[in-house]
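The values are calculated or read from the model by the stated rules, or taken from the named source; none is laboratory data. On a predicted model such as this, the values are computed, not experimentally measured, just so you know. Backbone-built Cβ (ideal geometry, glycine too); neighbour counts: all protein chains shown.
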Amino acid sequence: MTSTGTVQGVQRRVQTRLGQTAAPPFFALAGLIGLDSLELVNSVQIATDIGSNGPIMLGNSVEVDGDAYVGPGGSVDDESDLKGDVVQLAEPFVPAAASSSTTPSTSTPAGSRRR
């Protein structure tokens, strides 16, 4: 993707490369995930689903406006703080491997000048 702009006669170009991985999106189920555990305390209000492979601990005026997704062996210690349901997953949350592929750029980066 290329974006160009001109301000006071000076033109700049910004380029970025977009890609798509074959892995499913990591946050497809829950907007807040703790891989090993998740602890929310002290007057927290969450307006998304939450998830963890381990224990989800909710305490001291916590309100979760969503579901809690737990991996195998995971649990929620106080379901009364949830407005949604506890959903037991058959598979754990696993982050997709980050892509390390890069393409060298021959363009001048935005904000720099060729000399």
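Figures for the structure shown
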{"item": "Unmet requirement for ILE56, which otherwise passes all of (1) surrounded by 14 or more Cβ atoms within 10 Å (Cβ to Cβ); (2) in a loop (DSSP other than H, G, I, E, B)", "result": "(2)"}
{"item": "Identity of the residue in the range 14-39, modelled with pLDDT of 90 or more and assigned to a strand (DSSP E or B), that ends up surrounded by the fewest Cβ atoms within 10 Å (Cβ to Cβ)", "result": "GLU39"}
{"item": "Every pair of residues 6+ apart whose Cβ atoms lie under 7 Å, when the first sits in the range 70-90 and is surrounded by 13 or more Cβ atoms within 10 Å (Cβ to Cβ) while the second is part of a helix (DSSP H, G or I)", "result": "VAL86/GLU79"}
{"item": "Conditions (1) closer than 19 Å to VAL94 by Cα; (2) of a type in the set (Asp, Glu); (3) exposed (fewer than 15 other Cβ atoms within 10 Å of the Cβ); number of the one not met by ASP49", "result": "(3)"}
{"item": "Filter result (touching a strand residue (DSSP E or B) at 6+ places or on another chain (Cβ under 6 Å) and modelled with pLDDT under 90) within the range 49-61", "result": "GLY59, ASN60"}
